Structures are given as C-alpha cells and as structure tokens.
Amino acid sequence: MTATMSQVGGIVRRKEDPALIQGRGVYVDDIKLNGELTAAFVRSPFARARITSIDTSAALAIPGVRAVYTIEDVRSLGPLLAQIPIGKLRPLLADGVVNHVGEAVAMVVAENRYQAQDAAEAVLVEYDQLPASVGLKFSATDEVKIHDDLDSNILHTWVSHDWWPGVFELEDHRPAIAAAKERDDVVIVSQEMVNQRLIPVAIEPRAVLADWSHGYDRVTLYTSSQIPHAVAGAIAKTFGLPVNGVHVIAPEVGGGFGCKLNVYPDEVLVCFASHKLEAPVRWTETRREAGYSTIHGRGWIGTATITGTRDGEILGYELDALADMGAYSQNFTVAIPVLGLYVASGQYNIPLAWSVKCVATNTQTTDAYRGAGRPEAAYYLERAIDMFATEIGMHPGDVRKKNFFKKEDFPATVPIGLTMDSGDYVTNLDKLLESSDYAGLKAMQTQARSEGRYVGVGLSTYVEVCGFGPSILAEFGFGWDGYGLPSSFSGSGLVRINPDGSATVFIGTGPSGQGHETTWAQIVSDRLGIAMEMIRVAHGDTTDSPMGIGTFGSRSAAVDGAATYEAAEKVRSKASELVAHMLEASAEDVRFADGGAHIVGTPGHKVTWAEIAEVAYKPHKGPEGMEAGLEAHAVFSPGNATWPFGSHIAVVEVDVETGNVDILRYLAMDDCGNVINPMIVDGQLHGGIAQGIGQALFEEAVYDENGNLLSGSLVDYPLPTASDLPMFELDRTVTPTDVNPLGVKGIGEAGTIGSAQTLVNAVVDALSPLGVKHIDMPMRPKKVWQAIQDAQEA
Amino acid sequence: MKVSMTVNGRLVNGDVEPRTLLVHFIREELALTGTHIGCETSYCGACTVHVDGEATKSCTMLAVQAEGADIMTIEGMAKGDELHPVQEGFWERHGLQCGYCTPGMIMSGAALIAANPSPTEDEIRHGIEGNLCRCTGYHNIVKSIEYAAAKMRGETPPPADWEEVSA
Ligand code: FES
Ligand code: FES
C-alpha cells in the first residue's frame, strides 16, 4: 500500500475519485430499498388560482397506486419550516390557492414510476384563475397583492445604515452623499441594471428516499442535500420527534451551488408517506420539474449611482434595488440580500447608501445560488465603478486603487459596521495588472480596433465574505434555530484513532464535490503524520457526525476545517504523552511524521501509529491513570467572518455583425488566505468562474407575464459548454486571516462573485467606440446586437 | 417485452415495459448505477454509454431498441485494478468534483480519443460539447482527456497546471 504523507499546502490526488471515476459512487437515486414505492407530484398549471376541487378517484383506481395525498392529509404538520420566516411560508401542498406555476397540489404514491406518472395525470384539479403578480416592478406596486394575510408584496427592505436595529448604531451616509451631489466639481454616473434570475442546475437532480421504521421508531431519509443536520432538525420538529429519531444521510451529492441548501416539502412528504404506507418512498425530480421544485437564485433590478470627483475620489455609492423572492419564503429567502449588504461597498473606503426591497412575486421561491447576494452586490458596484472610470477617463485600476482600503487599514470597518479581517488589495491588483500585461492587452485592443475588430478588456475586483461568525449572529438568524436546533454557524470535527492505528474523521459538513475527504485528511495527516490512505473522512450522516451546519457560504474549510485542526491537536497532545511513555522521553520532544512518532533529534527512536493505538486502547500499557482510547472532538466558533478578495480580467472579442461574444482569455488573481490543496482551490475557481460566465452570457430564468416558466428545460436554459469557455489563467496572492488557526478564508464562491461583471465590463469596453455604455445580462448575441443598434441610433 | 444485449461483456436478458429507457434498464434492471441521469432529454450527457462502440446518450434510446447490441458502461472501463487511461486522466488532472457528470464524460472522452488519437484542445472541447459539467468549468476535464490521449499514444502526458503530484 502506498503511504502518502500530506502537508497542508500540498497537491494530493483526491481520495473521493477512485469510486467516482469507476461509476461506483453512490448518489441517492442509486440506493434501492426493499419494497420501495415511488412518488410523483400533481403541479399547478397556473401562477395564481383558487383550487375549487381535487378529484383523486380516477388516480386511486389505477393498479399499483397506493395513495394520493392533498393538503387535507398534511395540514396538521404545518407549513414548510424556514430558517428566516419572513414572508409567506410554503404549505407542504397547495392549500386552497396556488401561487406559482408548478406548485405541488397533490402527491401520488405508487409501486413504480410509470404508475405514479399515470396517476398524477389522472388527478383532476379544478381551478379558478386569479390575476398573477409577475415582474418585479409590477409586483412592488401591490396592484395585485399575492397573499391575503400579508400587508404588501414588499416583504422587507434592507437598508445599509439600519440593517440590524438595536445592535448597530450606524451613520446614515445619505445626507453626506446628497451634499456631495450638489458640488459642482463632481461627476455622477447612474445606471439601472438587471441581475437576472437564474436556475442553479446541479447536474444531479434532487432525490429523496424515506424509510420510516415503525419497529425502531425512527425515520431514515436519504437526500441530496448540503445541510443534512438542518434537514434532520426540520423533519424532527415537523413530526414532533426528538432529533435523534431522524437519521438523514446525504451520500454523494452531485453538485449543490446553494440549491441543495434548503429544506424542501418533498423531504417532509416522503417521510409522511413512508410512515403512512409502512414502506420506503422515493422521489427524484425530473429536469423540467426542477424548475418548479428547486429554488432559483438572483433576480434583482436596481439602479447603481456613483458620485465622485474628476480625479477619481468616490464621494458616495448608492444602490436602490428590488429583489425577487418568489411566492413563498423558504430557508434563507428574504435574508439573501443581507449577504450582499456585507460586501455592498466592496473593497472601498467610501460612503454607502444601499436599499434593497424584497418583493414577493407569483414565481418559484428564490434563495441561495452560488455567492447568494454577494455576486449581485459585486455586480452593481463593479459595473458602476467601471462606468465612473470611463466617464472621468481614468484607468479602471487606478480608480479602484485610489478608493481601496489600504493594507495598513486592516482590520477595516465597513459602513455597515462589520470589520474585515485582512486584505492587501493594491498588491493583488497590481500583481494581476503586471502578470496579465494589462498595458499590452490595451495595446492589442488598439491594434485590433485599427483592423476593425472589437476587442475588449474587462477588469473587476471583489471582496467576499465566508465562514460567518461570530456566534452572536445566531440572534440575527445565522443558525438552525428555525429547524429546532438552537445553534450558531460554528464548525465541528471529531478525530478518532482506531485500535489498528488508522484514523476516522467525522465532520459536520455536507460536501457536493468540494473534496472535503481529501482536504480534511490533509489537515489530519499534516498534524499527526498518519498516511492519507489510513484516514477515512465521514460526512453527510447525522447519526455518525457531530452536529454540523453543512456546506455553504464557502464556510467549510475556514470553520469545520479549523475545528478538525483543533481536534487533531487534542489527539496529538494526548498521543504525545503516550509516545513519551513508550519511548521514555519527554512529551515536548515527540514529533509525528511518516506514519508514527519519534523523538526529536533521534529519528530512529520511533513507534508506529499502530503501536501508539495499541497502548491507547490497552491502558495497562500506558501512563498510570490515563483514560483509555484516543479521540477528540472540537467545536470551532469563529470570532469573525473571513473576507477573501481578488482581481479578474477578461479579454473578449465581439462580432458586431452577429453580436456573438468570444472569450479570448480569462485571468484571475484570487486571495483566499492560506491554501490547503492548491489543485482543489483552483478547481473551485474554475467552476465558479464558469458559473459567472454562464450568467454573463447565457443563463436566464424567463417568466412570461402570466407566470409561465419559459426556460424550464436545458434547451431554453443554456449552460456553458466546453466549447464556450477558455482555459483559465489563475494565480494568487496569499494574505492569511487570523480568524482561524489554518489562516484559510474560503474559495467556493469567489470565482462566481468576481466574474459576471468582469465579462460585462469587457464587452462594454469592446463596444465603447460604438457608444455602448451598458448591456444587461445574459449578453446573448441578439441582445448585444440590439445594444449596438440602439447606441448607434442614440 | 423481452430484451437481450451484451453489457460489459456479459449477456443479459430482461423483461421490460416497452417505454423503458435504456438508461433505466441499465440502472434498475442491471443495477449498474454508474450511468447517471441528469435530464432524460438528451442534453446533459450524464447517461452516455458506448453502444456498439459509439458514445450514445442512453436516455435517448428505449431498452428494446438496444436488442442485440454490445453495450459498455463506466463499470466496464477498468480492467480489474487497472484503470482505463481516461479514468486515470480524470484522477490525475482533477477532472471531476461532484462526479455526477464524470461517467458520461469519461465515456465521451474515450470515444473521442478512439476516433481521434491526437485531439487538439479545440477538438476536445467540441467533442464533449454534448456533456454538461456544472462543477469544473471544463478546464481540468480538457486536461484529463489530453493526459489520457498522450498516455494512449505511449507518450508522456503534458505537465499539470501544478508542479508535482505526489504518489
Ligand atoms: S440524462 Fe441523457 S442526456 Fe441527460
Ligand atoms: S463534476 Fe459535478 S457536474 Fe461535472
């Protein structure tokens, strides 16, 4: 057997991969239980309607159909629980009214999928159609109010100087910005921009399988989720069970990107059906159905305004926006813009006035999609900065640098009262400008223009926020209290040395491709000198793992990784005592490496991990009075969030005849603090950038005025393919954080947060000779072509 | 309806509903769950298998249409402990994250190299256009296929983006 000793910072092939590349990975839909039944849903064809009758008799008569459930069967369970219960909570099945196309009205359970599909079609539902409220601006007028029991479609307004009343006393920057606008030496740029609604599209559709054991009085739920513990809490609370009566298992999860960071009605309903029918019940969404059954993301329209001097000093940044919540609030829905508020003023030390109204519409719920609020915030800010730079004729890098927080400003307090841990923005941007030969790119652009080609160079910088702390944020809603689990977003790790000297590491995360098994094994291998092959990392199982928050917000390494580091330190400390006893030396002189331990200065004087474990589990061989066994659990509660940052450049060429955008190069200089596995970090950036490019160029969830989703299939919702994207040219600066002992910040969302506006800045730069000042995403050829025509006419 | 075909070198028989898709037959009747379903409408490529040597989306075919065919799925690619070079390439070059698109990508990549042993980056990108990946941005998938193609030509694969891969 190979023994790979890993160090934090090293490249190691992933432990996850051998199963996955051989088709032996197990996702929910791959699990089969004896006697299992299959569910299918009857869905609303209307965006808003009253249900006048539901007739299930024909469906029930189909052979193999075991049950058809409506709200009458499940009303007593209450609505779907949400962590942030602002707005209208979703009923488990439509309750008298439907509020978006595709809302589940009834659930059919049958012996196989064909019977279930046939039965779902045989359920007769009669509706009285009602006027729908679709389109953010229209919905915000309350002309059609969606929910009778709410005062307004506007569910909440987030305002920068008053976002957490009673905790932060913040200065209102609006008067100062208004005064600046009166000065006669200022330039004001202002633009309304759309940050369109997106469908996350993890390639694995969501799947659930519940098995309620009456004998053991416990339900096991397999679900494709990023937050298994939260789901367990929600199921327990809904059914009135203690949380140890619910066993949630998230096996391999085929991508999440936030869409599996939710508790869904189907998760509750399959448990309900399994309880009633005394058989396992499964449901797997189809791709088309996913547009109705899984959350969407983004969906903002807003006006960004910058007021500044001609020499580039920014005197105020304002954003006035509407954000689409959809019809019902689920997990974080109304709180998503807060994550944008965290980075509303970006890397800049500037006055801020930010207001985002959360608006209900007759559409599918929105919630976290990779970046969650932060890509939207970065988009408006960085587009506005670019327009300001163009307007005053200044280098876009110089404008940014002039207004950046400087290295010596850290820890730096932003206008909304939070403190950023560490940063060195000027160095990061300068390194990218130099390595990309920005001046050379601009010279190439000039050359291309002289040949009649429209080449553009887009620049954007960003700061984002990960690993939310401190724990007091739980009182703002950052925890799983809504699911009956009083908690904050801390991390957990348990490191167990088994009697044979192998190690098992239990973590509370819910990865969906981030490589936690490898990264966490590296952390432990680095601390304890145990070979990577001898470490197994277990996650996604609520019975095995300590209480875990899950994987989202780029939090796992910075919070749970830190917990595992601390657990490994505790193991190391006890193991040092054991080794000191075995080798008759002092514990301070024990060093762990190469599959065992030795005494410093005498590498030959050593023991293996198997030998150490034996002594640990046979206390008569160990030091007098020492407790047997060798394992430790640690909970890490971060004292602050971490704030990664970076700079991106896109080089594009636009075909002005067709409007087609070709990406010639994409360069990124990211800073996520220390790096545990550079290969995995770069992989996260590749995927994140691709999703930002997807938003910039291709993707959009389109509803017509009647609330029909026109882009529910992958034909109408084009994802980037391999031939749409270039090789990514990545580099990094390293500015560690002192928020956690690993010095890591998080990287899962950075690529997405940095990229969409980089592309738009590049395309607008390419077309600036034609007078184009802005193009809304997605910049599909027709829209680009139209923007060129409009600019020419103006 | 009765159906029989060869799957990964083994003759298999089944009795299926006529509307059963090949992908469902493979996953549910044969319990070969490495072939995935991402869309069921021929867009994502997660269900790609080889049918008589051709990369084929198994959600676009009925099981009965594969009567008598020779099918290879991801489970048939490794020879015992020895990975297929494309599988090895994906491991060596971090060509996967969540792994859901991976079996389909590997099957498409292998078919692509069989048809064109020295594909350029552009040919690889176009060759896997029918396979969607939401995790990797394709960068390392292209590198993985380049690695495999070189290996299969008996050449040393181009170096990784990073300097060294341990063990
Ligand atoms: S499942 Fe066959 S192409 Fe998507
Ligand atoms: S690795 Fe997740 S979809 Fe490709």
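Laboratory data are not the source of any read-out in this text; all were calculated from the coordinates shown. None of the values given here were measured: they were computed from a predicted structure. Please note: Cβ atoms are built from the backbone with ideal geometry, for glycine as well, and neighbour counts cover all protein chains shown.
Against chain B, whose longest principal axis is taken from its Cα atoms, helix B:139-152 shows a tilt of about 90°.
Taking only the C-alpha atoms of segment A:85-180, Rg followed by Dmax gives 21.5, 70 Å.
How high is the FRET efficiency from A:V144 to A:D55, r the C-beta distance, R0 25 Å, rounded to 0.05? Using R0 = 25 Å, I get an efficiency of 0.30. Dimensions of segment A:523-621 along the principal axes, based on C-alpha atoms and rounded to the nearest Å, stand at 46, 28, 22, largest first. Amide H to amide H, with H built 1.01 Å from N, A:V463 comes under 5 Å of A:Q347, counting only residues 5 or more places away or on other chains. Expressed in Å, the radius of gyration and Dmax of the Cα atoms of segment B:85-156 are 10.6, 31.
Computed from phi, the 3J(HN,Hα) profile of segment A:453-466 under the Karplus parametrisation 6.51, -1.76, 1.60 (θ = phi - 60°) reads 9, 9, 9, x, 10, x, 10, 8, 10, 7, 10, 10, 9, 9 Hz, with x in place of Gly and Pro. Using 18 Å as the cut-off for backbone N distance, which residues of segment A:327-361 belong to the label zone defined by a point 7 Å from the Cα of A:E408 along Cα→Cβ? Once the point is set 7 Å along Cα→Cβ of A:E408, A:349 turn out to lie under 18 Å by backbone N, inside segment A:327-361.
Amide H contacts of A:N660: A:D655, each under 5 Å away and 5 or more positions distant or on a separate chain (H built 1.01 Å from N in the peptide plane; Pro and chain starts excluded).
Note that segment A:327-343 has calculated 3J(HN,Hα) couplings of 7, 10, 8, 10, 2, 10, 1, 6, 8, 4, x, 4, 5, x, 4, 3, 10 Hz, one per residue in order, obtained from phi through the Karplus relation 6.51 cos²θ - 1.76 cosθ + 1.60 (θ = phi - 60°); glycine and proline are x.
Counting helices only, and only those DSSP H runs with n ≥ 4, report the 222 nm mean residue ellipticity of the protein assembly as shown as the sum of -39,500 (n - 2.57) divided by its residues, in deg cm²/dmol to the nearest 500.
Working: 24 runs with 265 residues, N = 961.
Using -39500 (n - 2.57) per qualifying helix, the result is -8500 deg cm²/dmol.
From the alpha carbon centroid of segment A:3-19 to that of segment B:94-109 is 19 Å. Packing-based ranking of A:417-427, A:235-245 yields A:417-427, A:235-245, ordered from highest to lowest mean Cβ neighbour count within 10 Å.
Entry for segment B:2-75 at q = 0.26 Å⁻¹: log10 I(q)/I(0) = -1.31, Debye formula applied to identical alpha-carbon scatterers, no solvent contribution. Applying the Kirkwood pairwise sum to the alpha-carbon positions of segment A:252-391 produces a hydrodynamic radius of 17.2 angstrom. For segment A:658-794, averaging the sequence separation of C-alpha pairs within contact (under 8 Å, six or more residues apart) and dividing by the residue count gives a relative contact order of 40 percent. The mean sequence distance of close C-alpha pairs (under 8 Å, at least 6 residues apart), as a share of the length of chain A, puts its relative contact order at 16 percent.
Quote the FRET efficiency, to the nearest 0.05, computed for A:D172 versus A:V702 with a Förster distance R0 of 45 Å and r equal to the Cβ-Cβ distance. List each step's numbers first, then the result.
Working: r = 38 Å, r/R0 = 0.84.
Efficiency, rounded to the nearest 0.05: 0.75.
Dimensions of segment A:1-63 along the principal axes, based on C-alpha atoms and rounded to the nearest Å, stand at 66, 34, 15, largest first. Site-free segments of chain A were taken between GluC sites (Glu not before Pro) in DSSP loops having at most 16 other Cβ atoms within 10 Å, sites themselves excluded; the longest one is A:314-450.
Computed from the C-beta positions of B:E82 and A:A538, the FRET efficiency with R₀ = 30 Å rounds to 0.60.
Compute the length gained on full extension between A:L664 and A:D437: take 0.36 nm times their separation in residues and subtract their Cα-Cα distance, giving the result in nm to one decimal.
Values: separation 227, 0.36 × 227 = 81.72 nm, distance 1.46 nm.
Difference between extended and current length: 80.3 nm.
Amide H contacts for B:L21 (H built 1.01 Å from N in the peptide plane; partners 5 or more residues away or on another chain; cut-off under 5 Å): B:A63. Dipole orientation for the protein assembly as shown: of the candidates A:A791, A:M779, A:A531, A:A531 has the Cα lying most toward the positive pole (charges on Cβ; Lys, Arg +1; Asp, Glu -1). Computed from backbone phi, the HN-Hα couplings of segment A:396-405 come to x, x, 5, 4, 5, 4, 4, 9, 4, 5 Hz, rounded to whole numbers (Karplus: 6.51 cos²θ - 1.76 cosθ + 1.60, θ = phi - 60°; Gly and Pro given as x). Gyration tensor analysis over the Cα atoms of segment A:160-266 returns equivalent ellipsoid semi-axes of 48, 21, 9 Å (largest first, whole Å). Listed by chain and number, the lysines whose alpha-carbon sits under 27 Å from that of A:K407, ignoring those within fewer than 8 places in the same chain, are A:K431, A:K745.
Inter-chain Cβ neighbour count for A:7-17, averaged per residue, equals 4 (cutoff 10 Å, partner chain atoms only). Using C-alpha pairs under 8 Å with a sequence gap of at least 6, the mean separation divided by the residue count of chain B gives a relative contact order of 22 percent.
May I ask for the percentage of alpha-carbon pairs in the protein assembly as shown that lie more than 46 Å from each other? Above the 46 Å cut-off, the protein assembly as shown has 27 percent of its Cα pairs.
Of all lysines in the structure, those lying under 25 Å Cα to Cα from A:K88, and not within fewer than 8 positions of it along the same chain, are A:K137, A:K145, A:K237, A:K260, A:K357. A simple charge model with +1 on the Cβ of Lys and Arg, -1 on the Cβ of Asp and Glu and nothing else charged puts the dipole of the protein assembly as shown at about 500 debye relative to its Cα centre.
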